[in-house]
Amino acid sequence: ALEKQRSIFDAETKRAKLLSVDSQQLASDVAEVRRTRFQARLSQRTASPLTGEFWDSVSSNLDRDGARIGALRAGIVAALKDGFAADNRVFSWSGIGIGLLLIVFGRWWAERALLRVTTDRVPQGRLRRSALACAVVVVATVFFGFGVNAIVIGLDWHGAFSDAEAALAHALVVAAFFGSFVAGLGNALLSVARPSWRLPPIPDPVAQRLRVFPLLLGCAVGISVLQRHVYTLIGASVSAAIAGSLMVTVLYSALIGWGLWRTGRARDAAGATDDAAPMVRSPWIGVGIAALWVGVIAALLAALIGYVALAQQIARQMVALGIVVATFYLIVHVIEDLIATAVSSRAGWAQKTFGLEPRVLDQLAVLWAG
């Protein structure tokens, strides 16, 4: 009779545990839907971050969010212990060594090798600058991203990560690729160390003042990508999602505003010098700078009065638009310079074979580039 009762209690305990797991999964799904709807509704207004109601809402879910973050942290610690266990220690240290070599020495060696190849092998002209800038972006993205990936693979060589830790590691690799691409793109266009190879017409004082801006923006983009994956992984509450959106908005807006302020300071410093030539810029650049200032002010004001979703959208769109414009600028110059160099190198052959005039070849180069 006792064994029969014990079997009944065991079956009820298993059903209770199963219901608990199902309820936690359902709560995570509901929270994910609520976060998605909040981010999709730009006109939704919450309490202002300047009021206690906003922080009361965050603190009311702090225990649940903190418990899930704590469980994830405990899983990460356990996974790292398993990663450095005796049977996996060699692979872990090998992955860390390979990753650091790729991130530090591999990138340094590749950039200098590409500089030598571009100088020696690429025909003299604009293509040298655009090809080197494109190569710098590729090297920064590939070496840093695959370096982080090598570290993750070494730690998880014998399957030390569970599903949650593996998803977090994948998010970390994705954030590393995105952040390194943004940082590499900014460094390639600024070209602080090689002003004569700089592709856009950026004055050297401005480039010098913005030399750390690509790294900071790349780190901010990586943090934003990682934060979104972590919130999805732990099933964060809507109040935590609002607080995270506020953090991303302030971070992006502060970085953009700081970059614009540094640019203005460089122009003012150059204008205050009597023997310096005045910085001449296109009217479109002035319009773009003014639009960015309006966007920064609008994002911060919207966040302060409670429109956090709208503020986050404005801040992210400013960053995304800058990345797209910079990437498009680089690709267009690479294509135009490549075709112009190819046409100019074959101009004599085309004139002798087809009787084409240089003017016609220039027109064909424009069409091919388009």
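The values are calculated or read from the model by the stated rules, or taken from the named source; none is laboratory data. Computed from a prediction, not measured in an experiment: that's the story for all the values here. Counting neighbours? That spans all protein chains shown, and the Cβs are built from the backbone with ideal geometry, glycine included. Protein only, heavy atoms only, side chains kept; ligands, DNA and RNA dropped before computing areas. Shrake-Rupley method; radii C 1.70, N 1.55, O 1.52, S 1.80 Å.
A 1.4 Å probe, protein heavy atoms only, puts the accessible area of Phe144 near 70 Å².
Based on DSSP H segments of at least four residues, each scored -39500 (n - 2.57), the chain has a per-residue ellipticity at 222 nm of -28000 deg cm²/dmol. Solvent exposure of the chain, expressed per residue, is 59 Å² of accessible area, with all protein chains present and a 1.4 angstrom probe. Can you work out the PRE-style zone for Ser60? Point 7 Å along Cα to Cβ, and I want the residues of the range 223-254 with backbone N under 13 Å. Answer for this model: 238-240.
Quick one: net charge around Leu155, please, counting Lys, Arg +1 and Asp, Glu -1 for every other residue with C-beta under 12 Å from its C-beta. Numbers along the way, then the final one.
Details: positive: Lys81, Arg89; negative: Asp82, Asp156, Glu165.
Surrounding charge for Leu155 is -1.
Cross-link reach is defined here as a Cα-Cα straight distance under 15 Å, omitting same-chain residues fewer than 8 places apart; for Lys4 the aspartates and glutamates meeting it are Glu12.
Cβ-Cβ distance of Leu2 and Cys219, R₀ of 51 Å, FRET efficiency by 1/(1 + (r/R0)^6): the value works out to about 0.25. For percent of Cα pairs over 36 Å apart, several values are listed as (i) 43; (ii) 15; (iii) 24; flag the one computed from this structure. This structure yields the entry labelled (i). Within the range 187-254, the proportion of C-alpha pairs whose separation exceeds 20 Å stands at 47%. The slack in the chain from Ala166 to Leu115, taken as 0.36 nm per residue of separation less the alpha-carbon distance, amounts to 14.6 nm.
Leaving ligands, DNA and RNA out of it, report the carbon-plus-sulfur percent of the accessible area of the chain at a 1.4 Å probe. Intermediate results must be reported in sequence, preceding the final value.
Values: 14500 of 21670 Å².
Here it works out to 67 percent.
Given R0 = 41 Å, the distance between the Cβ atoms of Ala269 and Ile96 translates into a calculated FRET efficiency of 0.40.
Protein chains only, probe 1.4 Å: how do Leu215, Leu115 rank by accessible area, largest first? Show your work: numbers first, answer last.
Details: Leu215 105, Leu115 45 Å².
Solvent-accessible surface, decreasing: Leu215, Leu115.
Ignoring aspartates and glutamates fewer than eight residues from Lys17 along the same chain, the ones with Cα atoms less than 20 angstrom from its Cα are Asp29, Asp163.
In the context of the full protein assembly, Arg262 retains an accessible surface of approximately 60 Å², using a probe radius of 1.4 Å and ignoring ligands and nucleic acids.
Using +1 on the beta carbon of Lys and Arg, -1 on that of Asp and Glu, and nothing else charged, what's the dipole of the range 30-187 about the Cα centre, debye to 20? Display every interim value, and only then the final one.
On the way: 17 positive and 12 negative charges, 166 e Å.
Here the range 30-187 has a charge dipole of around 800 debye.
Extending 7 Å from the Cα toward the beta-carbon at both Ser23 and Ile285 defines two label points whose distance is 6.2 nm.
The HN-Hα couplings worked out from phi for the range 256-265 by the Karplus form 6.51 cos²θ - 1.76 cosθ + 1.60 (θ = phi - 60°) are 5, x, 5, x, 5, 5, 5, 5, x, 5 Hz, whole numbers, x standing for Gly and Pro.
Over the chain, Cα pairs under 8 Å with separation of 6+ residues give a relative contact order of 21 percent. Ordered by solvent-accessible area of protein heavy atoms (1.4 Å probe), largest first, the residues Leu18, Leu361, Leu50 come out as Leu50, Leu18, Leu361.
Placing unit charges on C-beta atoms (Lys and Arg positive, Asp and Glu negative, everything else neutral), compute the dipole magnitude of the chain about its Cα centre in debye, rounded to 20. Could the numbers behind the result be given before it?
Values: 35 positive and 25 negative charges, 115 e Å.
Using only the charged Cβ atoms, the result is roughly 560 debye.
Thr46 contributes an accessible area of around 20 Å² to the protein surface, as traced by a 1.4 Å probe with all chains present. Per-residue 3J(HN,Hα) values for the range 240-245, derived from phi via the Karplus relation 6.51 cos²θ - 1.76 cosθ + 1.60 with θ = phi - 60°, read 5, 5, 5, 5, x, 5 Hz in sequence order (x marks Gly and Pro). Which FRET efficiency value, to the nearest 0.05, do you get for Glu357 and Gln124 by plugging their Cβ-Cβ distance into 1/(1 + (r/R0)^6) with R0 = 30 Å? The calculated FRET efficiency here is 0.80. Phi-derived couplings, Karplus 6.51 cos²θ - 1.76 cosθ + 1.60 at θ = phi - 60°, listed residue by residue for the range 217-232: 5, x, 5, 5, 5, x, 5, 5, 5, 5, 4, 5, 5, 5, 4, 5 Hz, with x used for Gly and Pro. Considering only Ala164, Ala11, Ala320, the mean-square fluctuation computed in a Gaussian network model of the chain, springs between alpha carbons under 10 angstrom, is largest for Ala11.
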